[in-house]
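Notes to accompany the following structure.
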Amino acid sequence: GEWSVNIKKADVQHGWSWVVGGLEILKSDPGLWTGMGFIFMLIAIALKLIPFIGLLLLVLLCPMLLAGALHAANNVDGGAVSAPAAKSARLGRLPQRLTAELQRAAGRLFIVFSDEEKILPLMVISTLTLGMVVVINILAVLLKIDGSALTAMAAGSVGPRIWVPALIGWFLVLLLQLALTMAVLYSVPLILFRHELPLAAIEKSFTACKQHIVAVGVFSVPFLVVNMLISALFFALPFPLDYLAALALGWLAVPLFAAGLYRSYRDIFIR
């Protein structure tokens, strides 16, 4: 039926409670969640090895994989749990146990790929997101917003005629990235649980983020820090240590983000 965004005060404590709530979901089935995080990071790392097109493929995949994680989180809140690995596998050797857990995690992570009703609107979200990512990246290139430009600005090696337009361009790109994040953050759970159409889900996601900007910001900070740290490690460490470090950091951060996002969705949208 008809519903609207729940206009309740979601302050700093709410934002942190979403992270804590996500951790509680992870504790309910550590094998499943760490398995999903491990599989996602392997996919992300493999795609990163493909120049340019790899990032685009990851953007296309993320909404569908996020939907699988949100589906698993909803099962925890609803009292249903994913079937554990078979007893023979749990009592067997370590490779058998790991294989059984990874198979279970993969089944949960890719569950929406077999749901025609959900996969089509999620693909629309993926395509729109990909289009905006491409536009933002092109704009960043045209405005010469990259690591070298920011380093030169920080070092004071360029004059105001260069760094002022560059700084304006950097803020413009940052605002576009923020707007894109707000538009898609809750679009996946809205489609998955509320059967919203893609454009309506995008509108309601943006409105929800705007109305709860402080809480959403607090919730996002730990994961932004992890993302920045992973990006820094790719510059600081040689191959393959950079990929191994990214895998270690993202292994828990990714599932925690998905579980916390589910808790925030319930807090904002469920009366």
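Readers should treat all values here as calculations from the given coordinates under stated rules, not as data from a laboratory. These numbers were taken from a predicted model, which means no experiment stands behind them. As a convention, Cβ positions derive from the backbone with ideal geometry for all residues, glycine included, and neighbour counts pool all protein chains shown.
In angstrom, the C-alpha Rg and Dmax of region 185-271 are 15.8, 49.
Using θ = phi - 60° in the Karplus curve 6.51 cos²θ - 1.76 cosθ + 1.60, the 3J(HN,Hα) couplings for region 246-258 round to 5, 4, 5, 6, x, 3, 9, 5, 5, x, 5, 4, 5 Hz; x is entered for Gly and Pro.
FRET efficiency for the Leu143 to Ile53 pair, using the beta carbon distance and R₀ = 22 Å, is estimated at 0.40. Residues of region 15-37 with an amide N closer than 20 Å to a point placed 7 Å from the Cα of Arg97 along the Cα-to-Cβ direction: 26-37.
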